Number of protein chains: 2
Amino acid sequence: VRFRYVIGPDGSVDPRDRGLAYGDGLFETMALRGGELQRLGFHFDRLELGCARLALPRPARRELKQRIESVASGISRGYVKLILTRGVGRRGYAPPQRSEPTIVLLAEASMAVPAAEISVATLSQRLGENEKLAEIKHLCRLEQVLGRLELSGLDADEGLMLSTSGAVIGGTSRNLFAVFGRRLVTPDLSRAGIGGVMRRSVLEEGERLGLDVTTADLRLADLEAADELFMTNALVGIQSVSRLDDRPFTANALAAHLRDALRLNDDV
Amino acid sequence: VRFRYVIGPDGSVDPRDRGLAYGDGLFETMALRGGELQRLGFHFDRLELGCARLALPRPARRELKQRIESVASGISRGYVKLILTRGVGRRGYAPPQRSEPTIVLLAEASMAVPAAEISVATLSQRLGENEKLAEIKHLCRLEQVLGRLELSGLDADEGLMLSTSGAVIGGTSRNLFAVFGRRLVTPDLSRAGIGGVMRRSVLEEGERLGLDVTTADLRLADLEAADELFMTNALVGIQSVSRLDDRPFTANALAAHLRDALRLNDDV
């Protein structure tokens, strides 16, 4: 399978591309720190899970890595965004028998330092449930866009989204962790949500720290009883939740510890 | 608000377009018969409903119609596809404060004559439920793509899709109608599905014929008891269902009558 690369904002995407037509594709947004791509292996793992779920051809890691590094070169701090689509297709949802998938690569420098804590408001906008689409980072993100539109009318930095059946899933663009004593819990994402790269790092680091790390079906009422809440994202790292709706949270020790352990505070 | 038009397959879409990044947009596929665009008003109505739901700027009908007619000129039989997106945005789900929405227009001639009847198989792939995204023709269509992938392994022309909660919604790209005596029933689409333009024509024509026309929460078992089933789509018109899974359907009188009444058989 050949892949058609579109490099940089001046590149051109075919108006018949199935990524545009149907959201038929995947994306990854990879942090650059000190000129180094962060957690590239985790990003590739998730991309490949998505390819398997959507029956998309899987790009070879070696070539993809070279292309990404080339786009990233010269940027010390920022990100590279990758979009992989099924490529140009004729009208109709059925994937073409043969296609040349598209890979878009965009890089941007950004010196913005993420806040150490954020306030969170529960949104009424919910996430549909689908086992095939859960965890992977596919292009169909209107629920998150509607979530952000709702958030813009609220006094909070991030929105908490539940699934249609009422399970807590996470932020519009962040995963959620709740601390109960020595237990570190994050929502089960087998029916909705995105399996974040920073979430995976935190789960692994939690194990290393000897915490009781679990994924669970969490309800909104469960969060009330948490000692500490924090959210994660590959670009912003780990952020303590200072408030969820009317409930303030003051504890932030584990989030701070994890930021140190994962070297997210390094100013590079 | 200015709209940026991308005309024809040689046009170029910006790789940062939010339609590609997040499925943040809408589409319409309009039939051309005898050089005339069919049901343009219904397509515009649905497009405008989608703009309201997604807080997208609404293009003026007059200019949009002129642009569409210009793209369609010279084609007697075929279709025009329109994609409207929120335009280029920066990274992140939050819509930009100001954007120049993108309108892609593609036209294609097609002399294919749709089959008068189709076989249908119930799919395991389901449709998520979301009141804000139901009915409108937004760009996030991976569920339908997965449905078509599943269908490719089955011996049927179209797949029947249920919602997460088990309500019958319709085909991967067609709406469904069931006939019970003088009752004409089509699934309620307030939580999932697309409100098709041909569906609307059939509902109006059914009223004119004095049928008892209703939208309802239909379950798979309800369909077993139907006298006749048919499916609709703006391009293929009205197609009788000859078989749903193991249940054959021989009645097709109402579908045939509606095709005549709506002049879908005219060979233009």
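Throughout, read-outs are computed from the coordinates displayed, never taken from laboratory work. Here the structure is a predicted model, which means the values were calculated and not measured. No Cβ is skipped: glycine too gets one built from the backbone with ideal geometry, and neighbour counts run over all protein chains shown.
Among the trypsin sites (Lys or Arg not before Pro) within the range B:1-80, those in coil by DSSP and having at most 10 neighbouring Cβ atoms inside 10 Å are B:ARG2.
Across identical copies of the chain, B:ALA221 has label-point separations of 3.1 nm, listed in ascending order, with the point defined 7 angstrom from Cα along Cα→Cβ.
For B:PRO248, the distances from its label point to the matching points in the remaining copies are 7.4 nm, ordered from shortest, with each point set 7 Å beyond Cα toward Cβ.
Spin-label model, B:LEU49/B:GLU69: points 7 Å from Cα along the beta carbon direction are separated by 2.6 nm.
With respect to the axis relating copies B and A by rotation, the chain B residue whose beta carbon is closest, plus that distance in Å, is B:GLY128, 1.
Between copies, the label points of B:ASN265, set 7 Å from Cα on the Cα→Cβ line, lie 7.9 nm apart, reported in increasing order to one decimal in nanometres. In terms of the Cα gyration tensor, with a ≥ b ≥ c the square roots of its eigenvalues, is the range A:119-268 rounded because a/c is under 1.5, prolate because a/b exceeds b/c, or oblate? Note, shape of the range A:119-268 comes out rounded.
Label-to-label distance for B:HIS257 and A:LEU209 is 7.0 nm, based on points extended 7 Å past Cα in the beta-carbon direction. Annotation for the range A:99-167 versus the range B:81-114: alpha-carbon center distance of 21 Å.
The alpha carbon centroids of the range A:217-258 and the range B:11-29 are separated by 34 Å.
Shown for the protein assembly as shown: cysteine residues without a partner Cβ closer than 4.7 Å, namely A:CYS51, B:CYS51. Dividing the mean sequence gap of close Cα pairs (under 8 Å, 6+ apart) by how many residues the range B:1-131 holds gives a relative contact order of 33 percent. The shape of the range B:186-228 comes out oblate: with a ≥ b ≥ c from the C-alpha gyration tensor, a/c is at least 1.5 while a/b does not beat b/c. Across chain B, the mean sequence separation of Cα contacts (distance under 8 Å, 6 or more residues apart), normalised by length, yields a relative contact order of 18 percent. Taking the longest Cα principal axis of chain A as reference, the axis of helix A:142-151 is set at about 40 degrees. Taking a ≥ b ≥ c as the square roots of the eigenvalues of the Cα gyration tensor, an a/c ratio of 1.5 or more together with a/b larger than b/c marks the range B:145-221 as prolate.
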